[in-house]
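The values are calculated or read from the model by the stated rules, or taken from the named source; none is laboratory data. Treat the numbers as computed from the prediction; the structure is a model and nothing was measured. Ideal geometry is used to build each Cβ from the backbone, glycine not excepted, and the neighbour counts take in all protein chains shown. Note: areas computed on protein heavy atoms with side chains; ligands, DNA, RNA excluded. Shrake-Rupley method; radii C 1.70, N 1.55, O 1.52, S 1.80 Å.
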Amino acid sequence: MVRIKENIDIAPYTSFGTHARVERLVEWDNKHDLVEFLRSEGAAYIAPGSRWTILGEGCNTLFTKDFAGTILRSTAKGIEILEENEDYLIIRASAGEVWDDVVAWCCERGLWGAENLSAIPSSVGASAVQNIGAYGVEAKDIIDKVEYIDIATLQEGVIKGSECKFGYRESIFKHELSERVIITAVCYRLSKHASPHLDYGTLRPEVEKSGDVSPMGIRRAVVAIRDSKLPDPKKIGNAGSFFKNPILPREQVEALKAQYPAMPIYEVAGRPECLKIATGWMIDSLGWKGQQMGRAGVHKNQALVLINCGDATGSEVMALAERICEQVSEHFGVEISPEVNIL
Ligand code: EPU
């Protein structure tokens with residue numbers, strides 16, 4: 001089925017909850033109906049020159065102004081097993097599935113791979129676009145392939161995970177395939193053999209509290225850490241980390257580390273010439289934690305998370321973000337950029 005809503009307020013469809021009028025929201029729960037719609041009535045909405053975009057759970061998007069165009073949103077649900085042997089299982093999840101429901105499904109069955117990514121607010125489609133990551137694991141580590149509809153031909157296509165050009169919060173879907181495909185499902189490969197990743201931050205001590213080193217035990221530990229640091233978007237509008245952690249040349253990071261010995265730094269897999277630094281730490285050390293500017297603020301437990309303190313406009317959030325960027329640049333000589341998609 002395809003449902004069309006015209007001239008709506010997008011706030012309830014995003015975790016930031018900033019108000020903006022959207023000309024048209026098109027929700028689809030079945031790819032065949034979507035293709036049929038885009039061949040006929042909906043053809044004009046995605047024709048060259050028309051404005052359109054895709055929204056998942058709306059957990060990584062900030063609307064700063066009205067959107068004169070079409071927003072496509074999948075409400076397609078379903079998790080199915082595609083392949084199974086004694087080592088692994090490949091599952092297909094529909095694009096509109098809630099990511100954490102997929103993680104729960106895997107952990108309940110004792111399958112390994114998704115547990116560190118527990119409780120990330122995201123849709124399945126966005127897990128691939130954004131290459132969501134947490135606690136030393138990224139979606140790319142388990143994405144086997146991504147199924148999509150090609151906008152130009154309306155044909156179905158498949159791209160292997162290894163061809164998705166995944167990087168830190170990056171993928172082919174943000175670049176070459178941006179506005180060229182609609183993701184319909186993502187297939188994940190989960191292992192039947194124990195493969196815990198416990199080396200990030202406080203994850204190992206949190207797991208040791210219960211001693212349960214199973215996918216479900218690790219899931220509970222991750223949820224406990226996230227609950228202690230990150231605001232619940234159902235209660236306080238936010239989009240998780242607002243900024244990315246910059247990846248910089250090793251010499252630049254070593255010079256910063258010499259000046260600020262407490263600055264957390266991380267190796268970047270496959271890029272020995274670079275190091276990643278923690279933007280949250282920089283913003284925190286500038287005294288922003290718990291501060292407010294207009295109706296936008298910086299979360300009291302995690303400086304990387306900007307929040308809607310109540311009816312903030314998208315412009316107020318952006319004004320705060322810009323002030324923070326300027327100060328980080330002046331103080332540390334580092335340019336930071338948003339992780340959140342700004343519309
Ligand atoms: N830190 C501070 N003060 C703060 C925030 C962080 O000193 O206010 C320090 C921490 O103590 C730690 C370091 O900075 O030493 C990194 O902090 P944390 O482990 O909380 O991770 P992060 O870099 O702030 C990233 C992801 C998160 C993910 C966590 C855990 C990005 C942009 N964010 O945050 O992902 O949950 O690591 O893996 O990479 C998201 O993308 O929305 C998100 C929440």
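Compute the accessible area per residue over the chain, keeping the other protein chains in place, probe 1.4 Å, unit Å².
That works out to 45 Å² per residue.
Around Glu147, with a cut-off of 14 angstrom between Cβ atoms, what is the net charge of the other residues, counting Lys and Arg +1 and Asp and Glu -1?
Details: positive: Lys31, Arg92, Lys145, Lys160; negative: Glu80, Glu97, Asp144, Asp150, Glu156, Glu163.
After counting each charged neighbour, the total is -2.
Over 32 Å between C-alpha atoms is what I'm after, so list which of Lys276/Lys300; Lys209/Lys276; Lys234/Lys289; Lys140/Lys229; Lys160/Lys234 land there.
Details: Lys276/Lys300 23 Å; Lys209/Lys276 29 Å; Lys234/Lys289 21 Å; Lys140/Lys229 25 Å; Lys160/Lys234 34 Å.
From Lys276/Lys300; Lys209/Lys276; Lys234/Lys289; Lys140/Lys229; Lys160/Lys234, over 32 Å: Lys160/Lys234.
Report, to the nearest whole %, how much of the accessible area of the chain belongs to carbon and sulfur atoms, 1.4 Å probe, protein only.
Carbon and sulfur together cover 49 percent of it.
Would any residue of the range 318-343 have its amide N under 20 Å from a label point 7 Å out along Cα→Cβ of Glu251? List them or say none.
Flagged as within label range: 332-335.
Zone of Glu170 (label point 7 Å along Cα→Cβ, backbone N under 17 Å): which residues in the range 322-343?
So the set is 335-341.
What's the extension gain from Arg271 to Lys209 if we count 0.36 nm per residue and subtract their Cα-Cα distance?
Between Arg271 and Lys209, full extension yields an extra 18.9 nm.
Please tell me the relative contact order of the chain in percent, rounded to the nearest whole number, where contacts are Cα pairs under 8 Å and at least six residues apart.
16 percent
What's the extension gain from His19 to Thr53 if we count 0.36 nm per residue and subtract their Cα-Cα distance?
That pair, His19 and Thr53, stretches by 10.5 nm at full extension.
Can you list the residues, at least 5 places off or on another chain, whose amide H is less than 5 Å from the amide H of Phe243, using H built in the peptide plane?
Glu339
Taking one equal scatterer on every alpha-carbon of the chain, how large is log10 of I(q)/I(0) by Debye at q = 0.09, 0.13, 0.14 1/Å?
-0.51, -1.08, -1.24
Using r as the Cβ-Cβ distance of Ala278 and Glu84, and R0 as 35 Å, what FRET efficiency do you calculate, to the nearest 0.05? Don't jump to the answer; show the numbers that get you there.
On the way: r = 39 Å, r/R0 = 1.12.
FRET efficiency, Ala278 to Glu84: 0.35.
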